[in-house]
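Trainee: If you scroll down you'll find the structure; I have some questions about it.
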Ligand code: BG6
């Protein structure tokens, strides 16, 4: 009989979240405002945030701010963690909200109440034998650092981040082994507001901001390893497997150029420890001159990451055909892929693309990999008893897990963790919607903030529980 292939022993199954998207309690116990707190709900969110006409202030007459109450994890974390434990989670990826610890980002002393909250959450996880994975900065830079300092293009943010990183590492290093520095750091290449906390920046400023994050990330890695050599610090990028639409060499070239700037640039620096030659050439050609202080390049070289993590939702097709220009394939650009179906939000579903991604990343870097986000944002329709048959979600995850298994066993990839995004329904980053749900756990809350916030297990809850119990064999 055929032996069913499985995942490695001690594989870290779990789920992923970010503080700003689930905690709520946005102004409780001394927390300061973050960029997420001034991000309005709705499909225009990204457009508004990019527009200079939109003040980065709270105006509840005009807008709603779903992140303010999130799903109230701040008060319900015990119940939620018990549900994660019931599914058998080995790890829970969460972020610390910087502004809970340093309300303005530049404060002299940390806010003890904020530190205490994360002590409680971490202890609760450990009580259930769930290993925390902590992202230090997940789209929630303190707002004051944008207003008073202009965001990450300002070198001072490196110093502020160092103080913050040291504070949380000193506090939790004996309890938390897995860390990530910046969430989806490569979205800064395109100047994402969430990532670099700047609006309408020039390309020069975007790369300068990224340079500051690379230095800050290496400093955090240095502190972590000095405190505790067992700690593993990872980088975190969004990855979209790139395809050339056709075999025209010009198309393949265009795809490769996009691929290296989007998928590889940040990983090359954070894993290999130096600016790649293609980036140096790019900077020259585009008149980009980075302000690099003495010691920066040594830090980047000496404190590379221990593992590489990435989010994977979709692939992207690059075309040079004029007929395809302006035809948007999905959220991350490119044209439509005729072989793939898309989610309700137009994100193309591509499980095999994940296997390709894992193979490419492992061949290039040879460090352990962690799939830190993956999942299907979908509309769930509960019946009168809150039964939710989310077979579409099970189908999506099952196919991605099957491809991960092939990457491990057939392609020889060292993959050690998988944390599907939004394991409990939470506020969407790109639209602020609650109705774009990813969870195994349904939260009774709508886009306007109405609902009991009660939690209900979806069909996928038991399915994922079985996946974990059988270490990847879901039948
Ligand atoms: C990633 C982010 O880009 O994708 C998460 O790290 C985000 O914060 C997730 O929530 C899914 O995106 P969205 O827009 O559907 O919430």
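Trainee: Within region 227-244, track down each residue that is more than 19 Å from residue 18 (Cα to Cα) and within 14 Å of the ligand (Cβ to nearest atom).
Mentor: Within region 227-244, 240 is the sole residue that qualifies.
Trainee: Now for a different question. Hey, which of the helices (runs of 4 or more DSSP H) in region 86-199, taking only ones fully inside, have at least 1 residues that are away from the ligand (no atom under 16 Å from the Cβ)?
Mentor: Fully inside region 86-199 and qualifying: 98-101, 112-127, 143-147, 156-172.
Trainee: Looking at 375, 359, 353, which one is within 18 Å of residue 316 (Cβ to Cβ), assigned to a loop (DSSP other than H, G, I, E, B) and either away from the ligand (no atom under 13 Å from the Cβ) or under 19 Å from the mean Cα position of the chain (by Cα) (or both)?
Mentor: It is 375.
Trainee: Conditions: (1) within 16 Å of the ligand (Cβ to nearest atom); (2) surrounded by 16 or more Cβ atoms within 10 Å (Cβ to Cβ); (3) farther than 25 Å from residue 179 by Cβ. Residue 328 meets all but one. Number of the miss?
Mentor: Unmet condition: (2).
Trainee: Just for region 397-420: of the residues that are more than 12 Å from the ligand (Cβ to nearest atom) and within 19 Å of the chain's Cα centre (by Cα), which one is nearest to residue 41 (Cα to Cα)?
Mentor: 397
Each row is one residue, and each column tells you yes or no for (1) touching a helix residue (DSSP H, G or I) at 6+ places or on another chain (Cβ under 8 Å); (2) at pLDDT below 95; (3) over 27 Å from residue 196 (Cβ atoms).
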position	(1), (2), (3)
10	no, no, yes
16	no, no, no
28	yes, no, yes
37	yes, no, no
44	no, yes, no
51	no, yes, no
68	yes, no, no
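Okay, residues lined up against (1) at negative phi; (2) in contact (Cβ under 8 Å) with a residue 12 or more places away in the chain; (3) buried (at least 21 other Cβ atoms within 10 Å of the Cβ); (4) out of contact with any strand residue (DSSP E or B) (no Cβ under 9 Å at 6 or more places or on another chain):
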{"residue": "371", "(1), (2), (3), (4)": "yes, yes, yes, no"}
{"residue": "390", "(1), (2), (3), (4)": "yes, yes, yes, no"}
{"residue": "397", "(1), (2), (3), (4)": "yes, yes, yes, yes"}
{"residue": "401", "(1), (2), (3), (4)": "yes, yes, yes, no"}
{"residue": "416", "(1), (2), (3), (4)": "yes, yes, no, no"}
{"residue": "422", "(1), (2), (3), (4)": "no, yes, yes, no"}
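Trainee: Here is a follow-up. Report, by residue number, each residue of region 231-263 that is touching a residue at least 60 places away in the same chain (Cβ under 8 Å), part of a helix (DSSP H, G or I) and in contact with a helix residue (DSSP H, G or I) (Cβ under 8 Å, 6 or more places away or on another chain).
Mentor: Within region 231-263, 261, 262, 263 qualify.
Trainee: Does any residue of region 421-436 turn out to be in a loop (DSSP other than H, G, I, E, B), away from the ligand (no atom under 16 Å from the Cβ) and more than 17 Å from residue 344 (Cβ to Cβ)?
Mentor: Of all residues in region 421-436, those in a loop (DSSP other than H, G, I, E, B) come to 422-423, 425-436.
Filter once more, so that each one left must be away from the ligand (no atom under 16 Å from the Cβ): none.
The answer is no, given that none of the residues of region 421-436 is in a loop (DSSP other than H, G, I, E, B), away from the ligand (no atom under 16 Å from the Cβ) and more than 17 Å from residue 344 (Cβ to Cβ).
Trainee: Could you list, ordered by first residue, the pairs with Cβ atoms under 6 Å in which the first is in region 424-444 and at positive phi and the second is within 12 Å of the ligand (Cβ to nearest atom) and not in a loop (DSSP other than H, G, I, E, B), at least 6 apart or interchain?
Mentor: Listed pairs, sorted by first residue: 432/45; 432/66.
Trainee: Now, a different point. Can you pull out every residue in region 432-452 that is crowded, with 17+ Cβ neighbours inside 10 Å and more than 15 Å from the chain's Cα centre (by Cα)?
Mentor: 432, 433, 434, 436, 437, 439, 440, 441, 442, 443, 445, 447
Trainee: Under the condition of being over 22 Å from residue 331 (Cβ atoms) and more than 23 Å from the chain's Cα centre (by Cα), which residue from region 53-62 is modelled with the lowest pLDDT?
Mentor: The selected residue is 53.
Trainee: Same structure again: Among the residues of region 73-80, is any more than 16 Å from the ligand (Cβ to nearest atom), within 26 Å of residue 310 (Cα to Cα), in contact (Cβ under 8 Å) with a residue 12 or more places away in the chain and in contact with a strand residue (DSSP E or B) (Cβ under 7 Å, 6 or more places away or on another chain)?
Mentor: yes
The values are calculated or read from the model by the stated rules, or taken from the named source; none is laboratory data. Just so we're clear, the structure is a prediction, and the values are computed from it rather than from any experiment. Cβ: placed from backbone, ideal geometry, glycine included. Neighbour counts: every protein chain shown.
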